[in-house]
Amino acid sequence: MLHSGIMYNLGAIGLGHWVKRLHHVLEKGNKMKLLKAVALKTYEERKDELESYGIAKDRYFNVNSDGKIPTGFFRDIDVVQIASHNKFHFNQLLQCLSNRKLTIVEKTLAVNRDEFNQVMENNKF
């Protein structure tokens, strides 16, 4: 549960336009700080963007083509914003929930009814 008066660390999975918009809002003094990110491209390919968010190389993680999130990403993170490709949302959401992270999914949390039901049945909200 989030409490007022506390700064929360946010981790972004994917660095599309949703994260750019979110970062713009966070800069206005919100109670969250964008601390880490994970995406497909290398740090060097995204260096300018990541530096503009204040994310150093040691707080950026790569995923491979299966979208699995490295365990180190979850350390020191309170909230996760999933803004990756839709096909990764289901598995990434389950990873975040299994790491006990409050998770926001930018669009769809599953791409079919079976995946949706599995999330709802196995995670009591």
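The values are calculated or read from the model by the stated rules, or taken from the named source; none is laboratory data. What you are looking at is a predicted structure, and each value in this text was computed from that prediction instead of being measured. Just so you know, the surface numbers come from the protein's heavy atoms only, side chains and all, with ligands and any DNA or RNA stripped out. Shrake-Rupley method; radii C 1.70, N 1.55, O 1.52, S 1.80 Å.
Against the longest principal axis of the chain, how steep is helix 86-98, in degrees 0 to 90 to the nearest 10, with axes from Cα atoms?
90 degrees
Of the cross-linked pairs LYS20/LYS57; LYS41/LYS87; LYS36/LYS68; LYS28/LYS68, which ones have a Cα-Cα span greater than 23 Å in the structure shown?
On the way: LYS20/LYS57 18 Å; LYS41/LYS87 17 Å; LYS36/LYS68 16 Å; LYS28/LYS68 32 Å.
Too far apart for the 23 Å limit: LYS28/LYS68.
Ignoring any ligand, DNA or RNA, what whole percent of the accessible area of the chain comes from carbon and sulfur when the probe is 1.4 angstrom?
50 percent
May I ask for the angle, rounded to the nearest 10°, between helix 113-122 and the longest principal axis of the chain, with both axes built from Cα atoms and the value confined to 0 to 90°?
Rounded to the nearest ten degrees, it is 80.
How far is helix 17-26 tilted, in degrees, relative to the longest principal axis of the Cα atoms in the chain, given as a value from 0 to 90 rounded to the nearest 10?
For 17-26 against the chain, the angle is about 60 degrees.
Give me the percent relative contact order of the stretch 18-121, please, defined on Cα pairs under 8 angstrom at least 6 residues apart. If you can, show how the numbers build up before the last one.
Values: 117 pairs, mean separation 21.8, N = 104.
The normalised contact order for the stretch 18-121 reaches 21 percent.
Considering only protein heavy atoms, what per residue accessible area in square angstrom results for the stretch 25-125 with a 1.4 angstrom probe?
Counting only protein heavy atoms, the per-residue value for the stretch 25-125 is 61 Å².
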